[in-house]
Ligand SMILES: Cc1cc2nc3c(=O)[nH]c(=O)nc-3n(C[C@H](O)[C@H](O)[C@H](O)COP(=O)(O)OP(=O)(O)OC[C@H]3O[C@@H](n4cnc5c(N)ncnc54)[C@H](O)[C@@H]3O)c2cc1C
Ligand code: HEM
Ligand code: SF4
Ligand code: F3S
Ligand code: FES
């Protein structure tokens, strides 16, 4: 535990360069994706085992709270993917070590390039969904009731 | 006090100590005691190369190497020892290669060699490629390789144990006392044999290439224990230290074609050494630089000259000399990477683009603990052997360097005589018996250390050290006179008195008390500085590294002799002399 | 110029916890090294300040410490590199991380050297020496393969800058891998397999997450991460 | 004498070494290979599911339509087989950095191992047996 505290504190205090921040971001994004993925997998499996729960969860995920989380997952996946490829390349091409800074910058650049449009599309989709519901007198903030999906009960 | 029992104790883990340890441990149970982690030893800073007449690039013979060494020594070296040095240099360098030392290579796969000051082809008088090297970190590779071999052979190390005394019982040796730096505890190492390999004492001077830890401890301990010190007046000033800092710029720079230039842009070494110019031996070049500066021809009239290794300049002079070889940036960077790094870091100068400001720097102790060819310490003019006591490396004086050491010869000295001493120790320990320790062992040093710890005179060791370094630099430097040296002796007397009576340190603790140890080391420096000044004062001639304005000529009639300095019992030092071992080479006037 | 130093102090005999000592020095030059300043503090102000040092020009590896947040050798870090503002330079000095602090800036190096020793850092061969009694031959190209890693001075700046090492001191660390690399890629050496077996284990090269702090900390400018990656490749491909 | 070339490919001596089998190396490689595979699978999945078809429109019918072809089923199963072991191994690496007790480590590896197997089997069944005609 002490080593965890030390590492976390010093990973912020130590004046490292691009690689240190890339590593922190990679680690955090990896954990975030995993957290989401595990829920997602078990949830999706319900499509077969317990369709009612699955359908309900799909509706639940459309609320803005989850919508924003989804944008976060998108950010995590994109960064983690690009940076993972960067690490892999540096491991397999030792002599490219000298691009440590350039490669980090490229990774962040690619990430932004991919993420900004993705975020805009995702957020506009979400806003569209909310305004549709608002027009119909409903609210996208309303948490759907489980019973609404009884039609999918096994 | 903890007691350890070993056959032999090696004090110091530089090149000499480790080589001796490797050999001694083949036949005896050995402990290596060092105040630094072995890889921190100053051997690691040696740059240019190790000399051996391998003849990998051009014809070379060990006899030529021997002649160059004797000539370089200004005929003060013992020629039997020089023969051993130069002959065994070849097999020892090969042995180092077999231990894995990564020398630079020639296209045909052999060890690469370069030129170095004072090393010549005896037939043509031209510089010869004799210095075997691993870029400009030859010493680093030697130190690493020897340490690696020690690990492989499971040598016992006591790292960060500071040796403070030698244990003698009449004409035999009983071991040493060491201060464990981590805990402040004293340890007795009870042994049949002791080898000192504690390196030099350049810290007596202000501008020096030597590490902070080079304080001559082993040499001073021997002096205190009745070993007269040999040829202490001969201390080498290396011509090319970084201006003000003293950090060494290897002679290898000139070996690769670097040129010394004065304030007028002249290659002044043409005047002082017409044949081999910038590659003359060190004393000659240091004096030349000093004279140029004195004549106002330093750069902008200041106390330094330029060392120029820019491809432009080097190629110009190569062309002038009719050589076909040319250098470029890549070449300089690959042959002198560390030098380039030092210049960039400490001078802010890129040596490939600009010349480097340099001045002579206190560098190497030719004198020290007198030994025979097997590293056994010998006492006085009668050359009586002190059984079980050995010395090797810079702290010892075999003497192969005489009045002036040639570049690359120290590393040879370390490994050749370290090896011989190690072998002899292994043999000696088989026969000798352990003896008994006297009661009260260690009380005296304990008292000394306590006195330093509890001193309350209000004078910090640092103040005394500064004053010592100042007086040594001003008065016992490249050029000396009766007046300056007497002044130095006087100053040093006073400093030693202050050291005894007024010293005060801040750290009274046990754990890692480096304050205390620095003060203890200062005691060694003060003694060695005074011995140096006294011996220098008495030698009324100029020879090698000892250049007197009042006696500018060499005087073979009176002084073709080794000096031996010992305490006179009244707080000062007396001198006696012993003859030099001559051989094939008769003293001649030294011209380069 | 003036220097304001904050030095992490700890004396096990008197202190329960480390504390910050603050010192001001005048007449500091832009070309002074941090070691020069620490010496001035020790010699002029407080002799109890404790650190290791020897050569004072970056080749003995004694004085790795954390200067303004990142590892470096005190004797190779010049005041002018540390951001002089209005003729004042602020310098913060701490011991290196991940090894036990014994006193002030001085840490226990034993675990570090244990890792070093664990990778067989010595030349091994069964091939007899050449019959002519001369050197083993090696082409300049083969020699060049491990040139970079022969420069290591075992200062520990790299290992103690590595977050993986902070997390678990059993990771052999970049310095030991650099030392192993020096032998693995030496065409004369014959124990590459054994060293690679050590390094392929749980606390070997895989703990390196390509963070590059080591490369950036190395005062000898060794391409540490490159060397580690070459070792990883040697293990994956079975070729050296 | 020429400068030492920094690298002359082709002229260096390359030797083969025999190494012990080592699962650490296998995992390390797996992390990288699965990573490369997932660059297409996971990123593709994210783009298709969350952008091309905004998740605002995502319904169980949509999923059913996708899983009516074996191609899509295979895509998702492959992603599953990559992502769960990759992520859990990653988690184990992180935990392993901070948990030094050998026993605790073994326990964690067992728990995580069981979790991977259970998750992968459960979800694989779900996808494979999913019957689109029901929706
Ligand atoms: C910058 C520089 C460059 C040089 N370049 C060259 C060159 O190119 N070629 C060449 O031939 N020579 C060169 N020399 C000279 C040569 O390097 C040294 O003379 C030689 O390395 C000395 O080695 P040593 O083994 O005697 O001692 P060192 O390597 O100095 O080691 C001394 C050892 O003694 C230990 N020690 C000291 N005091 C105590 C104590 N009280 N208790 C316990 N242990 C103690 C230390 O810990 C250390 O391990 C150079 C010297 C310098 C300074
Ligand atoms: C999209 C493509 C992906 C790529 C290219 C990729 C690549 C990588 C690589 C190369 C590593 C190893 C890092 C190292 O050992 O230093 C890694 C670690 C990790 N990955 Fe991924 N990955 C991807 C997707 C995922 C997914 C989907 C998850 C979640 C399930 C995930 C979770 C993790 C975790 C938790 C780590 C450990 C992080 C660490 O050790 O700091 N990754 N990834
Ligand atoms: S690799 Fe560099 S930083 Fe690491 S120990 Fe060696 S010299 Fe120091
Ligand atoms: S900092 Fe550490 S993670 Fe690797 S690249 Fe260097 S060893
Ligand atoms: S004191 Fe030798 S590396 Fe700094």
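Could you count how many residues in the stretch B:104-118 are modelled with pLDDT of 95 or more and in contact with a helix residue (DSSP H, G or I) (Cβ under 6 Å, 6 or more places away or on another chain)?
Within the stretch B:104-118, residues that are modelled with pLDDT of 95 or more and in contact with a helix residue (DSSP H, G or I) (Cβ under 6 Å, 6 or more places away or on another chain) number 1.
Just to be sure, is residue B:395 away from ligand 4 (no atom under 16 Å from the Cβ), in contact (Cβ under 8 Å) with a residue 40 or more places away in the chain, within 11 Å of the chain's Cα centre (by Cα) and more than 14 Å from chain C (Cβ to nearest Cβ)?
yes
Any idea how many residues of the stretch B:249-274 are under 18 Å from the mean Cα position of the chain (by Cα) and surrounded by fewer than 24 Cβ atoms within 10 Å (Cβ to Cβ)?
0
Provide a single number: the residues in the stretch B:105-124 that are closer than 21 Å to residue B:140 by Cα and in contact (Cβ under 8 Å) with a residue 60 or more places away in the chain.
Total meeting the criteria: 5.
Out of all the residues in the stretch B:332-356, which are within 14 Å of chain D (Cβ to nearest Cβ) and surrounded by fewer than 23 Cβ atoms within 10 Å (Cβ to Cβ)?
If the condition is that a residue be within 14 Å of chain D (Cβ to nearest Cβ) and surrounded by fewer than 23 Cβ atoms within 10 Å (Cβ to Cβ), then B:333, B:334, B:337, B:340, B:352 are the ones that fit.
Quick check, is residue B:5 away from ligand 1 (no atom under 13 Å from the Cβ), more than 14 Å from every other protein chain (Cβ to nearest Cβ) and farther than 30 Å from residue C:111 by Cα?
Criteria not met by residue B:5.
Conditions (1) within 16 Å of ligand 4 (Cβ to nearest atom); (2) under 20 Å from residue B:366 (Cα atoms); (3) at pLDDT 95 or above, marked per residue:
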| position | (1), (2), (3) |
| --- | --- |
| B:63 | no, no, yes |
| B:72 | no, yes, no |
| B:76 | no, yes, yes |
| B:84 | no, yes, yes |
| B:98 | no, no, yes |
| B:124 | no, no, no |
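Would you say residue C:207 is free of Cβ contacts under 8 Å to residues at least 60 places away in the same chain and more than 7 Å from every other protein chain (Cβ to nearest Cβ)?
Against the criterion (free of Cβ contacts under 8 Å to residues at least 60 places away in the same chain and more than 7 Å from every other protein chain (Cβ to nearest Cβ)), residue C:207 qualifies.
Of everything in the stretch C:10-57 that's away from chain B (no Cβ under 12 Å) and over 20 Å from residue C:78 (Cβ atoms), which residue is farthest from the chain's Cα centre (by Cα)?
That would be C:16.
Test of understanding: among B:440, B:509, B:435, B:477, which residue is in contact with a strand residue (DSSP E or B) (Cβ under 6 Å, 6 or more places away or on another chain) and outside any helix (DSSP H, G or I)?
B:435
Name the residue, out of B:211, B:197, that is crowded, with 24+ Cβ neighbours inside 10 Å, more than 14 Å from chain C (Cβ to nearest Cβ) and modelled with pLDDT of 95 or more.
B:197
What residue, of C:175, C:144, C:229, is closer than 30 Å to residue B:342 by Cα and either in contact with a strand residue (DSSP E or B) (Cβ under 8 Å, 6 or more places away or on another chain) or away from chain B (no Cβ under 14 Å) (or both)?
When all the criteria are applied, what remains is C:229.
When the stretch A:101-132 is examined, which residues are found to be crowded, with 17+ Cβ neighbours inside 10 Å and farther than 20 Å from residue D:43 by Cβ?
Passing the criteria: A:126, A:129, A:130.
I'd like to check something: does the stretch B:141-152 contain any residue that is surrounded by fewer than 21 Cβ atoms within 10 Å (Cβ to Cβ), out of contact with any helix residue (DSSP H, G or I) (no Cβ under 9 Å at 6 or more places or on another chain) and not in a helix (DSSP H, G or I)?
no
Counting only residues that are out of contact with any helix residue (DSSP H, G or I) (no Cβ under 7 Å at 6 or more places or on another chain) and within 14 Å of chain A (Cβ to nearest Cβ), which one in the stretch C:73-92 is farthest from ligand 3 (Cβ to nearest atom)?
Among those residues, the one meeting the criterion is C:90.
Restricting to the stretch B:85-111, count the residues that are part of a helix (DSSP H, G or I) and more than 7 Å from chain C (Cβ to nearest Cβ).
Final tally of qualifying residues: 11.
Considering only residues that are assigned to a loop (DSSP other than H, G, I, E, B) and touching a residue at least 12 places away in the same chain (Cβ under 8 Å), look in the stretch B:275-295 and name the one that is farthest from residue B:327 (Cα to Cα).
B:281
If the requirement is being closer than 29 Å to residue A:48 by Cα, at pLDDT 95 or above, facing another protein chain (nearest Cβ under 9 Å) and part of a helix (DSSP H, G or I), which of these qualifies: D:112, D:33, D:79, D:91?
Unique residue meeting the criteria: D:91.
List pairs: first in the stretch C:155-183 and touching a residue at least 12 places away in the same chain (Cβ under 8 Å), second within 16 Å of ligand 1 (Cβ to nearest atom), Cβ under 6 Å, 6+ apart or cross-chain?
Listed by first residue and then by second, the contacts come to C:155/C:61.
Just for the stretch B:449-459: of the residues that are surrounded by 13 or more Cβ atoms within 10 Å (Cβ to Cβ) and touching a strand residue (DSSP E or B) at 6+ places or on another chain (Cβ under 8 Å), which one is farthest from residue B:203 (Cα to Cα)?
Looking at residues that are surrounded by 13 or more Cβ atoms within 10 Å (Cβ to Cβ) and touching a strand residue (DSSP E or B) at 6+ places or on another chain (Cβ under 8 Å), I get B:455.
Are any residues in the stretch A:37-77 at the interface with another protein chain (Cβ under 7 Å from one of its Cβ atoms), in contact (Cβ under 8 Å) with a residue 12 or more places away in the chain and in a helix (DSSP H, G or I), and if so, which ones?
A:51, A:54, A:55, A:70, A:74, A:77
Pairs only if they're at least six apart or on different chains, beta carbon under 9 angstrom, first in the stretch B:35-56 and modelled with pLDDT of 95 or more, second part of a loop (DSSP other than H, G, I, E, B) and within 16 Å of ligand 4 (Cβ to nearest atom); list them, first residue then second.
B:37/C:154; B:39/C:154; B:40/C:154
Among the residues of the stretch B:484-501, are any away from ligand 4 (no atom under 16 Å from the Cβ), within 14 Å of chain C (Cβ to nearest Cβ), more than 27 Å from the chain's Cα centre (by Cα) and surrounded by fewer than 19 Cβ atoms within 10 Å (Cβ to Cβ)?
no
List pairs: first residue in the stretch C:228-240 and farther than 14 Å from residue D:14 by Cα and touching a residue at least 12 places away in the same chain (Cβ under 8 Å), second residue more than 15 Å from ligand 2 (Cβ to nearest atom) and in a loop (DSSP other than H, G, I, E, B) anywhere in the structure, Cβ distance under 6 angstrom, at least six positions apart or on different chains.
That search, which allows pairs on different chains as well, returns nothing.
Can you name the condition, by its number, that residue C:57 falls short on among (1) surrounded by 23 or more Cβ atoms within 10 Å (Cβ to Cβ); (2) within 12 Å of ligand 5 (Cβ to nearest atom); (3) within 21 Å of residue C:108 (Cα to Cα)?
(3)
Residues that are assigned by TED's automatic domain parsing to the domain that holds residue C:58 and over 20 Å from the mean Cα position of the chain (by Cα): does the stretch C:121-129 have at least one?
No - not one qualifying residue is present in the stretch C:121-129.
Looking only at residues that are over 23 Å from residue A:22 (Cβ atoms) and surrounded by fewer than 19 Cβ atoms within 10 Å (Cβ to Cβ) in the stretch C:231-240, which one is nearest to ligand 4 (Cβ to nearest atom)?
Step by step, filter the stretch C:231-240, then rank; the result is C:237.
The values are calculated or read from the model by the stated rules, or taken from the named source; none is laboratory data. Here the structure is a predicted model, which means the values were calculated and not measured. We place every Cβ from the backbone using ideal geometry, glycine too, and count neighbours over all the protein chains shown.
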